[in-house]
Each structure stands twice: as C-alpha cells, then as structure tokens.
Amino acid sequence: MNAKLSEVTERIAIRSRTVREAYLSRLRASGSKGPHRGVLSCGNLAHGFAACGDADKHDLQGEEKANVAIVSSYNDMLSAHQPFERFPEIIKEAVRESGGVAQFAGGVPAMCDGVTQGQPGMELSLFSRDTIAMSTAVALSHNMFDSALCLGVCDKIVPGLLMAALSFGHLPTIFVPAGPMTSGLPNDEKARVRQLHAEGKVGRDALMEAEAKSYHGRGTCTFYGTANSNQMLMEIMGLHLPGSSFVNPDTSLRDALTRAAAKRATEITALGNDYTPVGEVIDERAVVNGIVGLMATGGSTNHTIHLVAMARCAGIEITWDDFAELSEIVPLLARIYPNGQADVNHFHAAGGMAFLIGQLLDAGLLHADVRTIVGEGGLERYRCEPLLDNGALRWRDGASESLDTSILTKADAPFSTNGGVKLLTGNLGRSVIKISAVKPEHRLVEAPAIIFTSQQDFLDAFKAGDLHRDFVAVLRFQGPKANGMPELHKLTPSLGVLQDLGYKVALVTDGRMSGASGKVPAAIHVTPECLDAGPLSRLQDGDLVRLDAESGTLNANVPPEVWDTRDAAREDLSGHQFGMGRELFAVFRQTVSGAEQGATVLRDTADQTAAAA
C-alpha cells in the first residue's frame, strides 16, 4: 500500500479516535439480535403493519423475519428520480421471496440544481441535503426495521440519505441507484451552443433545442457532476452492489440488480450470520477510499463539503488538508465531461468502475481490507462487473484493459500524475479548485479584482462589454450563512467566452460552483465566508489577485500595512431571505457551519461528543 495513503488514513483515525469510539459504542448499544420491532408494544406494532396484507401482517407479528425499509427520493418531474417509481414493487417481491417483508418507510425531497441554476430556489439546494437527512431519520424512527434500502441519485440526495443512515448506524443499509440516461447530444456540443448563446450568436430556440437533446430521457444527467460522483462514491465505499452504478434505467440488468440489492438487504441483518451495520462499513478506510475515487476520476468539488459532512456523521473527522495530500499521490485515470469529451455511459463501456477500482487496488491506492455490503472479499469483489446469463444475474471479472484509453487509462499511464481537486491557501482564506479540466496554461492567473455580489451583476457587465480584459471575478457573500451557498454555474459560459478570446480570467468566491466545474480556474468555497468577515470581504476593486493552482496559493497582492487596516465589507442580504421558501430556512442560515466543516446544521457525532465531555 502507498505509504502516504497509510499515513493520511492513520492521521484521520488518530484525529477521530474519541468521537469514533463514542459513535461505535452507541451503534453497538442500538444493535439487536432479534427483530427491532420486538421492542414495540402490541399497539405500536399494530399501527406499524395495519396497512399490510394478511401474509405480511402475520410475518411482522412474528420474531423471525426481517423487515426492510425503503426510503426513496422518487418524483416524476426529475429525470434521475423518475425510474424509482417502479422500484418499491420490485423490492417488495424480491424481499418476500427471500423470506422477509419490505415496507415503504418514507420519501425524501429531491431538488435538481439543473432546474434551479441561477434561480432563487438554488439558495435552498445545499440546505436540502440536511432536510433529506432529517426526513430519512423520520422515516426510520419507527424502529420497525432491520435493514434499509436507500433509493437516491443526485446532488444532495445521496449525501443526505447517508448522513441519516449513519445516524442509524446499527442498521445495514444498501444504496440502490437508478442509473444514467442514455447518451444524447454530446456534452462538448451542448457547451459550445451555450457559449454561442452567451455571445449572442444564437438565439434561445437553438439553446433550447441543444439542452433538450442533451437532457432527453429518464435517468441521471450523463456528465460527470455531483450526481454521478455520488454513484462512484457509493460503489467505491462499498454501499452499492459491484458494477451497479452506471447501468441504464428500464433495462433487465438494472431490474436484476435492484432485486439482488433487495435480497442482500435481508441477508445482512442482525437476524442472520452476516450482520453488516452501515456504521461499521463506513470507517476511516472507506472514507479515504472515497476521496481517492474522487481524485482519480476528477469528481465533483461539492464533495469537499459533502464527504466532510457524511464522515462526521460516522464519527470521522476529515479536513481539506487530507484531500490535498491524497490528491498529490492519486493519478487522474478518467476523462469524463467536463474533464474530457466522454459521458458516463462511455466511461462504463470502457471498463467503468471495475477497471478503475482494479487499477487503484493494484497501485496500492485503495484499502482493500474494508467491509462492504457484499460480504467477504472486501473491495476485491468490486473488480467484477454484473451481467445476465440466460436471465440470471452473475458477476464476471472486469476488463483488464481499457476499451478506450482516451476515457479510462491505467495507473502507470495516467492523464495526470495527481488528482483533480487541490487546496488553495493564502491571505484570502482557504478554498478548493478543480483543475482536472483546466489546461496548464490557465492555472495561474494574476489580474485585478472586479467585485460582484450577484451572478446577475456579472452577467450585466458581460453583456455591456465591460469585461473584455484580464480580471479576477470576485463573487462574494455567497457562503452558506449569507444565502445558502448556491452553485454559480450560470457564470461558466460567459467566463469561457472571455478565456477563449485570450483574456486571463478566473473566479474567486465563497459560494459553490457546479459539480461540472469546467475549464475556467475557480477558487471556490472560500472560507471563512464573507458574512463571517472572512478576508475575501476586505478585497477591493482593482486589487491584484494571484491564483496559482499549481503551487496551491490564493493571495491578494496588497501591502500588509494596508490590508490589516481594512474593514470587512458589508452587504444587504435581505433580498435573499424571502420568496421561494427561503424564509423557512432562516434557522439554517443562522446555525450552519462553514464549508470546510461540511456546511451543515446537523449536530453530528463530533459535536455531540464534545458537548457530552
């Protein structure tokens, strides 16, 4: 195993020891060798199965059969979640065949950042993750269940589901994906049309046609943003069945994998001999494996927030320094849009997760000896890929060679020797940058700052022709406390236009960028945020800013005697407090933690342990 990987993992374990031990102690105290519903009174239990059929009622009254919770993000407006409409009946039938019962425990909200980009609703997006976690907790709180199946795909849904699952860490939990939509308009063509529209060279009709051809059917969007990074994470962290992440919806193989996940959920409860609580699957090694997977694939920057929050719910404390150190040793092995021209279907066809995991294992860059929902064999089992053999599901060895080396490559011939996400530090604070899609010649930008306080201000300046020069766009008061930390992807086409014209441009913000952060260097998640008087709030128009992604620095070139005397700027944020439900989330804005702490309102294991002490 790589020495640095072992060193980082050990450091995380030492840092987390007190809170992790407290978490595991609570987990084991909540475990039960009998059905969890056995603690319920007759009245409690009767309420819990009143709507069931006679056979399920009989089984749930007994003390032998497992009851599997289904928690789903289904809705039929969003393409990624619509396929889940069919899953509960498939699951119930498969669990019944395995000698158990499955009940639909609850649904969770699922919003789409693609719909809300640049809209007021985007200011609820990050907070929806914690809302999903709380909704999942309500669904599981009835204590009727012996294991759980979490049906979720997109940006905040999977992190929220896992955060809640870890708070019920004694329950075995399997994540069940829906899969990506089939390939539509190539992503580079979609991006080209977006830039043409930003330049005013094509109209809304052409833009609408391109978008509709790109997002055209059921399933996850096919670019490698947060949603598909979620799927990679759940597989490399051992919570998916091997090879199940990127199988398209409404296929026989997808349905067979869903049935297999349901059956497996009945096998790993405390009633059997292979009890696999989710809180023991997700340990320090699994979290490090997740970070490695993120780096090796050039995954979403959103996970520098989400992984922190998820890990803390298991009593594990990780920092951006851990991401940075692992990024230096993990090679970039995948080129998926926006880090390349391929989509996730092409990645899957080229060898997919089985090839990727195999390469990382052989290079000593993953912990193989982890627990997974599959059972014995650890992560080695994830070298395999599923197939149907005369209608029966089985697994075979994954590809030993990439079927397209422009998309997926070997660890000894990487696209880059280090991962796609880096930490930036300097007198403007701490931030992260995704460089896997940024060409080397664009990774250093030193230019005057232009201060903006909204995306619209920037777009107005662009349309007016005021930005045809070298500059660093500073979009501030976009942090979690200020307005919920919206994604700022609406800026990407215009910044891309200016970069293509030969100008040196970059973005610096305490907000988020899309999980599909692209070719323009963007220092994001700057912390402390401006509302907390972070140093970015001292910056003024015309100050020279130096963003150096290679050296990992972000600085304002202002003399210290001037910088230290400046007051933090203030901003009227009242316009972000009402409308589109934002008033209901005031308590979230008031209590949310910083980006590096996971931007969460939930009192996690670390906070609870500190309070108890």
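Laboratory data are not the source of any read-out in this text; all were calculated from the coordinates shown. Quantities reported herein were computed from a predicted structural model and do not represent experimental measurements. A quick note on method: Cβ atoms are made from the backbone with ideal geometry, for glycine too, and the neighbour counts reach across all protein chains shown.
Exposure proxy shown here: for M111, M163, M310, the number of other Cβ atoms within 10 Å sets the order, fewest to most, as M111, M163, M310. Since only L40, G243, G377 are under comparison, the one whose Cα sits farthest along the positive direction of the charge dipole of the chain, derived from C-beta charges on Lys, Arg, Asp and Glu, is L40.
Note that the range 131-145 has calculated 3J(HN,Hα) couplings of 5, 5, 4, 5, 5, 5, 4, 4, 4, 8, 5, 6, 6, 8, 10 Hz, one per residue in order, obtained from phi through the Karplus relation 6.51 cos²θ - 1.76 cosθ + 1.60 (θ = phi - 60°); glycine and proline are x.
Exceedance of the 20 Å cut-off in Cα-Cα distance is limited, within the set K190/K490; K156/K410; K434/K481; K410/K519; K156/K439; K463/K504, to K156/K410; K434/K481; K410/K519; K156/K439. Close amide-amide hydrogen proximity is noted between R430 and T527, each under 5 Å apart and 5 or more residues distant or on a separate chain (H modeled in the peptide plane; Pro and chain starts excluded).
Could you give the Stokes-Einstein D for the chain in µm² per second, using the C-alpha Kirkwood radius, 4 °C, 1.567 mPa s?
Once the numbers are plugged in, D ends up at 53 µm²/s.
Taking only the C-alpha atoms of the range 236-289, Rg followed by Dmax gives 13.0, 36 Å. Listed by Cβ neighbour count within 10 Å, with the fewest neighbours leading, V508, V193 appear as V193, V508.
Exposure proxy ranking for K422, K92, based on other Cβ atoms within 10 angstrom of each Cβ and starting from the fewest, stands as K92, K422. Taking θ as phi - 60° and the Karplus parameters 6.51, -1.76 and 1.60, the scalar couplings of the range 103-115 work out to 10, 6, 7, x, x, 10, x, 9, 10, 10, 5, x, 6 Hz in sequence order, x denoting glycine and proline.
The amide H of F452, built 1.01 Å from its N in the peptide plane, has V474, L475, R476 as neighbours under 5 Å, considering only residues 5 or more places off or on other chains.
Of all DSSP-defined beta bridges confined to the chain, some 45% are antiparallel rather than parallel. Under 5 Å between amide hydrogens, built in the peptide plane, is the criterion, and for F246 it picks out nothing among residues at least 5 positions away or on other chains. Straight-line reach from K4: taking Cα to Cα under 17 Å and skipping same-chain neighbours fewer than 8 places apart, the lysines in range are K422.
Of the GluC sites (Glu not before Pro) found in the range 399-498, the ones in coil according to DSSP and having at most 10 other Cβ atoms within 10 Å of their Cβ are E401.
A P(r) calculated from all alpha carbon pairs of the range 421-576, with 5 Å bins opening at zero, reads 2, 10, 21, 25, 22, 14, 6, 1, 0 percent. In order along the range 456-463, the Karplus-derived 3J(HN,Hα) couplings, from 6.51 cos²θ - 1.76 cosθ + 1.60 at θ = phi - 60°, round to 5, 4, 5, 5, 5, 5, 5, 5 Hz, and Gly and Pro are given as x. The trypsin sites (Lys or Arg not before Pro) of the range 3-72 that DSSP puts in a loop, and whose beta carbon has at most 10 other beta carbons within 10 Å, are K33.
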